[in-house]
Amino acid sequence: MLSKEALREIEAARAEEESARHALLTALRTVQRERRQVGPEEIAYIADLLGLSPAVVQGVARFYDQITETPTGQHVLSLCRGISCYLCGADDVAAEVRQLLGVETGGTTADGQFTLRLVECVGACDRAPAAMVDDRFVGPVQADTIHALTKL
Amino acid sequence: MAQLLTRNVLDPAQRELQTALRSGAYLGFKQALSLPAHEVVAEIEASGLRGRGGAGFPTGRKWSFIHAALDQPVYLLCNADESEPGTFKDHYLIERDPHLVLEGVAIAAYAIGAHQAYIYMRGEYASIAETLARALGEALDAQIVGPNCMNSGYDLRITIQLGAGAYICGEETGLIQSLEGRRAYPRVRPPFPAVHGFLQEPTVVNNVETLACAARIMAEGAEAFKDLGTKQSAGTKLISVSGAVERPGVYEVEMGHPLMEFLAHEAGGVRRGRGLKGVIPGGTSVPILTAEEAAPLTIDYESMQSAGTMLGSGGMIVFDEDTRMPHALLRIAEFYAHESCGECTPCREGTGWMAWVLRRLLAGEGRPDDLELLLRVGDNIEGRTICGLGDASVQPVRSFIQKFRPEFEALLPKEEQGTLAWQSHGHGPRSGRFGSPAKEAMRSQAVDGPPTAAL
Ligand SMILES: Cc1cc2nc3c(=O)[nH]c(=O)nc-3n(C[C@H](O)[C@H](O)[C@H](O)COP(=O)(O)O)c2cc1C
Ligand code: SF4
Ligand code: FES
């Protein structure tokens, strides 16, 4: 299910920590990155790998916003709706981006390239309105910056 | 401008060990290692350093609470979760001077007798974690940290852990839970982490900036640190300023720096020459100040406290005269409703209701007593929750309504009370972390609550 590299990452976390449970967060992150979701199959896989019950894995997975139960697009575009970004016109940008990509919040573009999310403050308020493309910070964004980014 | 932590941040090469060493990196750690641990704690206590994560708790005192039995493990956790809206100083510091942060971590770990430290970073900081991991790799190779740090006989393992998107992981016991691989439900205190923390062992949780200050204190002495700032607020503070200003960013100021001068000079003034309406001095969890209230204040714990607010995380958010305060407050209230972990009732229910009542007010569907209702819901949260998020959620609601009341009153229905027919939306408050559609199964009946009956 996972690449050798990802498996190695999880196993390294597991070897370093006192119990398998501590490696769970790293496992969830790694699986999400590779599989773009942590659905039932992934949950069963992680549970097996770490020797935990699937219920435990699912319970923890559901707590975290970056772990999704259904697949995201190739990339995740997260627009910040935090207060500082709000003060800098984030709502307008979000409306334009929705129109531009033709998706609602939470949706994925028809070509499967981008999932659009609205997120709370990402800790880059000096770039308000800020956004993230996967793990990369961008901003201040306007609809045309996003247009350029999504055409990459 | 006083420069203690940001001295080297403009040099991109500062991330590399060789450059960092030339600017004095790890001299503080070396100094610490030459002293018995309790003297390091004493030095930090003497410096007057207070926690920069929000609460301002004296750092040396926190370290002195650790009394471990011989061969009992002790843990140091560096809090780099930084999810308080408007706060981005740790982001900047780790990115620009990762070795300073690692040095602080190493000093604190040594002082409390920990051989394992974790740096817990919010998931969104994955790219910054890479910078930090690279710096850690260099420090390990140079045998500065790791086994037998700088030939002192002291062993220290430092591990970087990334979160996965939940504000509550910044709360110290939420952080511990998350690190243990659990849902980040905060723990009831007592017992405090100093007694039963990570894995139930004695644990200290400190903010990134706090630890960076500790590194400077050990390198330059408690006196030098104490010479900066005011009586109750020693040293400097990183201020991340954003919102309606010309030059948003992270600035370091000496404690006691005049607030208005900071806004005018460092922050470049209110954008487009507009008037100042209000400023939140330390992240959304502290009460907002009106322009008038802000005018005489200085940036330090005691001045902020005298005005009924707090320095908090130093996440300063500026509102200009064009801001519609009820709309802005809704945005903040929605944040808390979304981030409430759902563990305790007053916060889980109350944050949802506050957002919901605000939303109906803004939709023109408010009821005559909605402002009182909002304040009452707040009163019923405050002081009745497991962690500080509940109290935090009340501060913006209460202070915005008190200080900008006419704007809220303008949203109330004009009709006479008796003739108003308020329509039910047919759905309760928007639910948070505990009740998004995917988490439906976790949801208790009460969350849905009858929107009319209870109110
Ligand atoms: C809801 C909530 C969120 C918090 N988030 C953070 C955070 O992101 N970073 C942080 O350093 N402290 C945060 N804190 C404060 C921590 O609980 C803790 O007091 C702090 O990390 C202690 O470090 P210090 O003594 O160095 O300030 C938060 C507190 C609460 C109640
Ligand atoms: S106060 Fe809120 S965030 Fe804190 S434990 Fe209770 S429900 Fe969770
Ligand atoms: S509010 Fe958008 S990055 Fe902080």
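The values are calculated or read from the model by the stated rules, or taken from the named source; none is laboratory data. On a predicted model such as this, the values are computed, not experimentally measured, just so you know. Cβ sites come from the backbone with ideal geometry, for glycine too, and all protein chains shown count toward neighbours.
Assorted remarks:
- For the residues B:Glu334, B:Glu343, the requirement of being within 16 Å of ligand 3 (Cβ to nearest atom) and touching a residue at least 24 places away in the same chain (Cβ under 8 Å) singles out B:Glu334.
- Only one entry of A:Glu69, A:Glu42, A:Glu9 meets the criterion of being among the acidic types (Asp, Glu) and within 15 Å of the chain's Cα centre (by Cα), and that entry is A:Glu69.
- Residue list for segment A:107-128, filter: in a strand (DSSP E or B) and within 9 Å of chain B (Cβ to nearest Cβ): A:Val119
- For segment A:129-141, the set of residues classified as within 15 Å of ligand 3 (Cβ to nearest atom), surrounded by fewer than 24 Cβ atoms within 10 Å (Cβ to Cβ) and not in a strand (DSSP E or B) consists of A:Asp135, A:Gly139, A:Pro140, listed by residue number.
- B:Gly342 vs. criteria under 28 Å from B:Glu246 (Cβ atoms), within 14 Å of ligand 1 (Cβ to nearest atom) and surrounded by 23 or more Cβ atoms within 10 Å (Cβ to Cβ): no
- Restricting attention to segment B:89-106, the residues being more than 15 Å from B:Ser23 (Cβ to Cβ) and within 14 Å of chain A (Cβ to nearest Cβ) number 6.
- Checking B:Leu228, B:Leu211, B:Leu199 one by one, the residue that is touching a residue at least 40 places away in the same chain (Cβ under 8 Å), surrounded by fewer than 24 Cβ atoms within 10 Å (Cβ to Cβ) and more than 14 Å from chain A (Cβ to nearest Cβ) is B:Leu228 and no other.
- The set of residues in segment A:112-124 that are in contact (Cβ under 8 Å) with a residue 24 or more places away in the chain and of a type outside the set (Lys, Arg) comprises A:Gly112, A:Gln113, A:Phe114, A:Thr115, A:Leu116, A:Leu118, A:Val119, A:Glu120, A:Cys121, A:Val122, A:Ala124.
- Filter pass, A:Ala130 being within 16 Å of ligand 1 (Cβ to nearest atom), modelled with pLDDT of 95 or more, farther than 14 Å from A:Glu96 by Cα and out of contact with any Leu (no Cβ under 7 Å at 6 or more places or on another chain): no
- Of the residues making up segment A:75-88, those that are more than 11 Å from chain B (Cβ to nearest Cβ) and of a type in the set (Gly, Ala, Ser) number 0.
- The condition of being surrounded by fewer than 24 Cβ atoms within 10 Å (Cβ to Cβ) and in the same structural domain as B:Glu209 (by TED's automatic domain parsing) holds for only one of B:Ala109, B:Ala129, B:Ala32, that being B:Ala129.
- Selection from segment B:142-151 of residues that are in contact (Cβ under 8 Å) with a residue 60 or more places away in the chain and more than 17 Å from B:Gln116 (Cβ to Cβ): B:Ala142, B:Met150
- Answer from A:Gln58, A:Gln66 - the residue that is part of a loop (DSSP other than H, G, I, E, B) and within 13 Å of another protein chain (Cβ to nearest Cβ): A:Gln66
- Filter pass, A:Leu77 being of a type outside the set (Lys, Arg), more than 16 Å from ligand 1 (Cβ to nearest atom) and assigned to a strand (DSSP E or B): yes
- Qualifying position, being at pLDDT below 95 and more than 10 Å from ligand 3 (Cβ to nearest atom), among A:Leu149, A:Leu116: A:Leu149
- Residue within segment B:193-206 that is touching a Cys at 6+ places or on another chain (Cβ under 9 Å), within 16 Å of ligand 1 (Cβ to nearest atom) and closer than 30 Å to A:Gln32 by Cβ present: yes
- Exactly one residue among A:Ala148, A:Ala143, A:Ala124 is within 16 Å of ligand 1 (Cβ to nearest atom) and of a type in the set (A, V, I, L, M), and that residue is A:Ala124.
- Failed criterion for B:Leu389 (all others in (1) surrounded by fewer than 18 Cβ atoms within 10 Å (Cβ to Cβ); (2) within 16 Å of ligand 1 (Cβ to nearest atom) hold): (1)
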